[in-house]
Amino acid sequence: MPNRTAGGGRAARLARALRDRLRTRRGQRRLTQAVMGVCTLALVPSVWLHQSADGRIRTAADVPARDVAVVFGAGLRDGTPTPYLAHRLDTAALLYRTGKVRVLLVTGDKSRKDYDEPDAMRRYLTRHGVPGSRIVDDYAGFDTWDSCVRAKKIFGVRQAILVTQGFHVSRALALCAAAGLDAYGVPVAEPHDVTWYYSSTREVLAADKASLDALLRPAPTFLGPREHGVERALASAGTEDGSAAESRPHPPEVSPATQAR
């Protein structure tokens, strides 16, 4: 009991001393500086993410062409893509149709038998005109870092277009750059609804983990053996493109004499 009383007395004295100090201008100034310092440190990862993405965010119309687009998962609802994921897939299909990419690597979560993001993404894309032979599934894209590392180390992707929402694209670009990918990002526009505000706020917190991933470069949740799905899809794309070119009617040859007339 005496020890508790003495401890309580010391705590009370410290509390009174702190209150007295905060009543002074100097104490208030130090408190303000401390709060500002904490806030600044908390925002450093977010600033780093945006600086890493500088010049790498483009539109679907002006993004440089790449062989592969990486499409990140964004959740399922009753086995089908959520609206946010559907919008990512719509943009990926547009990139394919306009010749910006030749193969789509869909990366997501298949940690349970009743939850298969890549398969749902594949079904959606094929219904929207993308041939199944141009789609490659990554079943272990459990988070952004895992997806980036596996794209490079498992699927052999070196250059890519990343398809995701605007609030996520800077983090995706920064992490894929840390994983060794030369990438551009195409953000999908969304209305500023409750989901958008929630996701944007979450990105501030996710920036801390992203900065640690980029610094420490941990192994992904599941790495596994090398897969050649992207290589086969690109080879198939080359064969199909070549066949299509051969099947087009060739313009008639014009002899030099005819050209001179």
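The values are calculated or read from the model by the stated rules, or taken from the named source; none is laboratory data. Predicted, not measured: the structure shown is a model, and the values here were computed from it. All Cβ positions, even for glycine, are placed from backbone atoms using ideal geometry, and neighbour counts span all protein chains on display. The accessibility values were calculated without ligands, DNA or RNA, using every heavy atom of the protein model including side chains. Shrake-Rupley method; radii C 1.70, N 1.55, O 1.52, S 1.80 Å.
Can you tell me how many residues in segment 154-171 are in a strand (DSSP E or B) and more than 20 Å from Leu234 (Cβ to Cβ)?
Within segment 154-171, the first condition is being in a strand (DSSP E or B), and the residues that meet it are 159-165.
From what's left, more than 20 Å from Leu234 (Cβ to Cβ): 164-165.
Looking only at that region, the number is 2.
Which of (1) surrounded by fewer than 22 Cβ atoms within 10 Å (Cβ to Cβ); (2) under 26 Å from Lys153 (Cβ atoms); (3) modelled with pLDDT under 95 is the odd one out, the single condition Leu49 does not satisfy?
For Leu49, the exception is condition (1).
Each row is one residue, and each column tells you yes or no for (1) surrounded by 15 or more Cβ atoms within 10 Å (Cβ to Cβ); (2) part of a helix (DSSP H, G or I); (3) modelled with pLDDT under 80.
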{"residue": "Trp196", "(1), (2), (3)": "yes, yes, no"}
{"residue": "Lys209", "(1), (2), (3)": "yes, yes, no"}
{"residue": "Leu215", "(1), (2), (3)": "no, yes, no"}
{"residue": "Gly224", "(1), (2), (3)": "no, no, no"}
{"residue": "Ala244", "(1), (2), (3)": "no, yes, yes"}
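Kindly establish whether Ala235 is under 29 Å from Arg102 (Cβ atoms) and open to solvent by 10 Å² or more (accessible area, probe 1.4 Å). Quick ask: steps written out before the conclusion?
On the way: under 29 Å from Arg102 (Cβ atoms): yes; open to solvent by 10 Å² or more (accessible area, probe 1.4 Å): yes.
When the stated conditions are applied, Ala235 passes them.
Just to be sure I understand, how many residues within segment 99-153 are open to solvent by 30 Å² or more (accessible area, probe 1.4 Å) and part of a strand (DSSP E or B)?
3
With the requirement that a residue be free of Cβ contacts under 8 Å to residues at least 24 places away in the same chain and closer than 23 Å to His192 by Cβ, what does segment 74-132 give you?
Selection gives Arg77, Thr82, Pro83.
Within the set of pairs 6 or more residues apart or between chains, which connect a residue that is in contact (Cβ under 8 Å) with a residue 24 or more places away in the chain inside segment 143-167 to a residue that is in a strand (DSSP E or B) and acidic (Asp, Glu) with Cβ atoms less than 6 Å apart?
Arg150/Asp138; Gln159/Asp182
Out of (1) touching a strand residue (DSSP E or B) at 6+ places or on another chain (Cβ under 8 Å); (2) outside any helix (DSSP H, G or I), what's the single condition that is false for Ala177?
Condition not satisfied by Ala177: (2).
Given the residues Arg10, Arg77, Arg21, which is the only one that is modelled with pLDDT under 70 and open to solvent by 80 Å² or more (accessible area, probe 1.4 Å)? Talk me through it step by step, then tell me what you get.
Working: Arg10 fails: modelled with pLDDT under 70; Arg77 fails: modelled with pLDDT under 70.
That would be Arg21, the only listed residue that is modelled with pLDDT under 70 and open to solvent by 80 Å² or more (accessible area, probe 1.4 Å).
Given the structure, is Val163 modelled with pLDDT of 85 or more and more than 12 Å from the chain's Cα centre (by Cα)?
Working: modelled with pLDDT of 85 or more: yes; more than 12 Å from the chain's Cα centre (by Cα): no.
Taking the combined requirement at face value, the residue does not satisfy it.
Taking Tyr96 as meeting all but one of (1) surrounded by fewer than 19 Cβ atoms within 10 Å (Cβ to Cβ); (2) among the aromatic types (Phe, Trp, Tyr); (3) touching a helix residue (DSSP H, G or I) at 6+ places or on another chain (Cβ under 7 Å), write down the number of the exception.
(1)
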